Structures are given as structure tokens and as C-alpha cells.
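Please read the structure below before turning to the comments.
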Amino acid sequence: MAIGMISMLTPLMDRIDRWATSGKAKSIALHPEDWDRLGEKKRAQIEAKYGMPMVCLGGQKAYFDWKHRTKSEEQIEELLQKGEIE
């Protein structure tokens, strides 16, 4: 699922680099789709490279909503019980 026309035209790493080196950035905020796409290890490498934290736009709630938007309430309840999500 595309997050907008800009994401289709400009690679994610180019967008991150442009923002991180703009002189305005105090953190690198990512759409939940990009947050998920990068994964924890790659996000840690990018944080180290630019010396600033990465955050998911909307926080954990937005990420959860995006990640599980197609799951039924029963599936979400099962994940909660297993401790796979908070």
C-alpha cells in the first residue's frame, strides 16, 4: 500500500537522507509503513549514521492500527493474549 505519490517517486533512503541532513531534523519520523519496511536492525543503523532517533508517526498506536488494520477483533485478541502485541 503506497503512502503517497512522493513515496512512489523518491526512494525511502533518499527521503531519510534529505530530511536528516536538512539542518532542521531533531529526529527522523517515519510513516508506519516505512517503519515496518525498515525493521529494527536497519532503523538502528540509520539512527547511528545520522545521530538522531527514529520515531513512528503517531507512535505505537498508529503503528498498531496500521499493522493490524486487516485483522479481525478475534485475531487481535489472540495476539494480545500471546503477548505478541501490547
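Derivation of every value follows stated rules applied to the coordinates shown; laboratory data play no part. Computed from a prediction, not measured in an experiment: that's the story for all the values here. For neighbour counting, all protein chains shown are included, and Cβ atoms are generated from backbone atoms with ideal geometry for every residue, glycine included.
Values as computed for the structure displayed
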quantity: ³J(HN,Hα), Karplus 6.51/-1.76/1.60, whole Hz, each residue of segment 46-56, x for Gly, Pro; calculated: 5, 4, 5, 4, 9, x, 8, x, 9, 10, 8
quantity: Per DSSP, loop trypsin sites (Lys or Arg not before Pro) in segment 7-86 with at most 13 further Cβ within 10 Å; calculated: 24, 26, 69, 71
quantity: Built amide H within the under 5 Å cut-off of residue 28, gap 5+; calculated: 54, 55
quantity: Extension gain from residue 24 to residue 52, taking 0.36 nm per residue of separation minus the Cα-Cα distance; calculated: 8.9 nm
quantity: Spin-label model distance (nm) - residue 15 vs residue 42, 7 Å beyond Cα toward Cβ; calculated: 1.3 nm
quantity: Residue-span extension gain [residue 61 to residue 73] - 0.36 nm each, minus C-alpha spacing; calculated: 2.8 nm
